[in-house]
1. Going out from 0 in 10 Å bins, what whole percent of all Cα-Cα distances in the chain drops into each bin?
2. For the stretch 46-56, just list the computed ³J(HN,Hα) in residue order, Karplus coefficients 6.51, -1.76 and 1.60, θ = phi - 60°, integers in Hz, with x standing in for Gly and Pro.
3. Could you please report the charge total around LYS9, scoring K, R as +1 and D, E as -1 over all other residues with beta-carbon less than 15 angstrom from its beta-carbon?
4. Name the trypsin sites (Lys or Arg not before Pro) in the chain that are in a loop by DSSP and that have at most 15 other C-beta atoms within 10 Å, would you?
5. Ranked by Cβ crowding within 10 angstrom, fewest neighbours first, how are ILE27, ILE45 ordered?
6. Scan around ILE27 for amide H atoms under 5 Å from its own, H built in the peptide plane at 1.01 Å from N, and keep only partners 5 or more places away or cross-chain.
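Since every read-out is calculated from the coordinates, none of them should be taken as a lab result. Keep in mind the model is a prediction, meaning the values are calculated, not measured. So basically every Cβ, Gly included, is an ideal-geometry build from the backbone, and we count neighbours across all protein chains shown.
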Amino acid sequence: MSGCDARQKSLEYYTEFARQLPKDTIILTSGCAKYRYNKLKLGDIGGIPRVIDAGQCNDSYS
């Protein structure tokens, strides 16, 4: 998941998206937004954290 939430509470797309993902989903992140949704208690799957940090937006390309 790459992208950035805005500072305004009404613009928390990625935080809400992370919150709504199925509990058996691991989030591979390469966005600045992770600093907002990594504070959520998303737990782990078999000891593997559900949020895995792969760097910043400029570290990835499609």
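1. 23, 54, 22, 1
2. After applying 6.51 cos²θ - 1.76 cosθ + 1.60, I find x, x, 9, x, 6, 10, 10, 7, 10, x, 9 Hz.
3. Spelling it out: positives minus negatives among the neighbours equals +1.
4. ARG7, LYS9, LYS23, LYS39, LYS41
5. ILE45, ILE27
6. For ILE27, whose amide H was placed from the backbone, the distant partners under 5 Å are VAL51, ILE52.
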